[in-house]
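I have placed the structure first, in the form of C-alpha cells, so that the comments after it can refer back to it.
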C-alpha cells in the first residue's frame, strides 16, 4: 500500500485551475521527484498534501490519500494530528523557518514534547539525539544556540531535525537545498539519502534542479504551468525524454551545468 | 528584559519613582499623622509644624489626606491597566485565529469604543452602576482596551504569517502551541510598553474622575479630590494645588518613562530618545 497517493489532483484559486491533475504514488522508503520552473505548481501540490494551501486556494478535484486515509474534508484537529507524525516538510531558506528568538534545541524539543508526549528531560535528550542524527558536529552545543549563530547548512540540518522529530513517514523537501552552496547542497542530499535508508523515510523532493532529482529519486514528474508533462523513472525521463519541455530542461542543464566545464577543461 | 530596563538610567529612575509610589500606596494610610476625615478648628492654615502641608477648608490635615488617598489613586490606575490588558490582549490574539466572524465583531467593537469619549462615558456608566472606584475604573479600562487589542492583534498578525510559524504548523503545532511559543514573545514587548503607558493614563484619569467627584464618595480622600478642594481656595493657599499636582504628574511621568525604557530595550528602536551614553550601555 502506498504511503502517499495523489490521483488526478486539481488545485484552483476562485474557479481558476492552477494545477491540472497530478498523480503519483509514494511507497514506504521511496523517493518521488518533482521538477519544473517556478510557478509550475510543484509547491502547491506539496502544500495540498500538507493541508497548508494559501487562503482561497483549494483542492477541486482528485484525491489525496495519506497512509491509507483520504484527506478530503478532514478537520483542523485531524490535520494537526497528522502533521509532524505522518507527514512533514522542509523548505528553502531555513533561516526564516526557525524562530530567531528561541534556541534551536527548544524548538526541536517542543515538537518532541507536544507530539510524542515526552517529559522535559527526555525531550532534551531526544532533541540532541536528533541533532546528532542530522550530522551536526556538536549537537549539545547547537542545542543551546540561536538560529543567527548557525550557518545556512547547519540551519537546514536543524530544520530537518525538527521536521523528522516526531517520526513522520513522509518528508517533503521543497527546494530544500536551493539556497545552499553546492558542497553543502551535496551534504544535505547525502543526509536525506541516509535518513531514507536508516529510517525508511519516504521522500518527495521538489526542485528546479535536475541534478538534485537525478541523484535522489526513483520516479520523476516534470511539471510545467500546472501540467505534468512527463512522468516516469529517472532513467526514462532524464535519458530518454519524450516531451519537448523535458528535453529543453536537460539541454539547458547540459549547456549551463558544471559538466560542460568539466569536459572542456 | 527586566534587567536590561534597569540598565538604563531612565529605567532606573522610572522604577525608583514607581516603587516609591507603591510604598506610598501601601504604607501611606498608616503614616498619616491625623485622621484624614476629621476636621479641626484651624481652617485653610498654611504649613506649620503640626500640619506640614496645612489644612483644607474643613480644617482637615492635607498631608494626611494625600497619604491616605494614595492607595485609592494607585489601585485605581493599576485596575485600569489590568482591565485594559485582559480585555484587549485576549481578543486581540484570538481575532487572528478564531475566524472571520469573531474578527469582524471585535474590530467593530474596538472601533466603537475608540469613538466614545471615555471620560464622559465613564461618568455615564458610574451614573448607571453606582458611584464607586471599581465601576469607574472598570469602565475606563474597557474604554482603553482597544489600544491593547490593536497592538496585540498587529503583533500577532505579523507573526502568524511568518515562515517559522508555518514550519511549526507543519511540525504539527496546534493554535495553542503557536500562540504559546511564537506569538506570545512577539506580543509581549509592545504590550509591556502599552501597559506602562496605560498605567500613566489610568492615573491621570483616576485623578480627573476623583477631581470631578466621580468614583469616590466625597469625604474619602484622593489625590484628585485634594486637588479639587485646593483649587476652590486659591486666594487663601495659592501654592496648595502644586503638591497633589506634583504627585500625579510624577507618577504619570514615571510610567511613561518606564514605557520608553521598555521600548528601547525591546528592540523597537529607531525612534529612541536615549542619550548616546545610555545607548552604548544598552549595546554592551
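Values computed for the structure shown
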| item | result |
| --- | --- |
| Number of the exception - residue A:101 against (1) farther than 20 Å from residue B:162 by Cα; (2) at the interface with chain B (Cβ under 8 Å from one of its Cβ atoms) | (1) |
| Residue match in region A:36-49 (condition: exposed (fewer than 14 other Cβ atoms within 10 Å of the Cβ) and part of a helix (DSSP H, G or I)) | no |
| Qualifying residue in region B:168-176 (condition: farther than 16 Å from residue B:96 by Cα and in a helix (DSSP H, G or I)) | yes |
| Selected residue (only one of A:21, A:62, A:29 is more than 10 Å from chain B (Cβ to nearest Cβ) and either assigned to a loop (DSSP other than H, G, I, E, B) or in contact with a helix residue (DSSP H, G or I) (Cβ under 8 Å, 6 or more places away or on another chain) (or both)) | A:29 |
| From the options A:179, A:165, residue that is surrounded by fewer than 23 Cβ atoms within 10 Å (Cβ to Cβ), at negative phi, within 14 Å of chain B (Cβ to nearest Cβ) and touching a residue at least 24 places away in the same chain (Cβ under 8 Å) | A:179 |
| Residue in region B:136-156 that is within 14 Å of another protein chain (Cβ to nearest Cβ) and free of Cβ contacts under 8 Å to residues at least 24 places away in the same chain present | no |
| Qualifying residue in region A:88-98 (condition: more than 12 Å from every other protein chain (Cβ to nearest Cβ) and in a strand (DSSP E or B)) | no |
| Search result, residues across region A:115-135 that are out of contact with any helix residue (DSSP H, G or I) (no Cβ under 6 Å at 6 or more places or on another chain), within 14 Å of another protein chain (Cβ to nearest Cβ) and in a helix (DSSP H, G or I) | A:115, A:116 |
| Residue that is nearest to the other protein chains (Cβ to nearest Cβ), among those in region B:166-176 that are free of Cβ contacts under 8 Å to residues at least 40 places away in the same chain and surrounded by fewer than 20 Cβ atoms within 10 Å (Cβ to Cβ) | B:174 |
| Filter result for the condition that a residue is assigned to a helix (DSSP H, G or I) and farther than 22 Å from residue B:82 by Cβ, over B:183, B:193, B:205, B:159 | B:159 |
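Computed from the coordinates by the stated procedures, all read-outs in this text should not be read as laboratory data. Values in this document were obtained by computation on a predicted structure and should not be read as measured data. All Cβ positions, glycine included, derive from the backbone under ideal geometry; neighbour counts span all protein chains shown.
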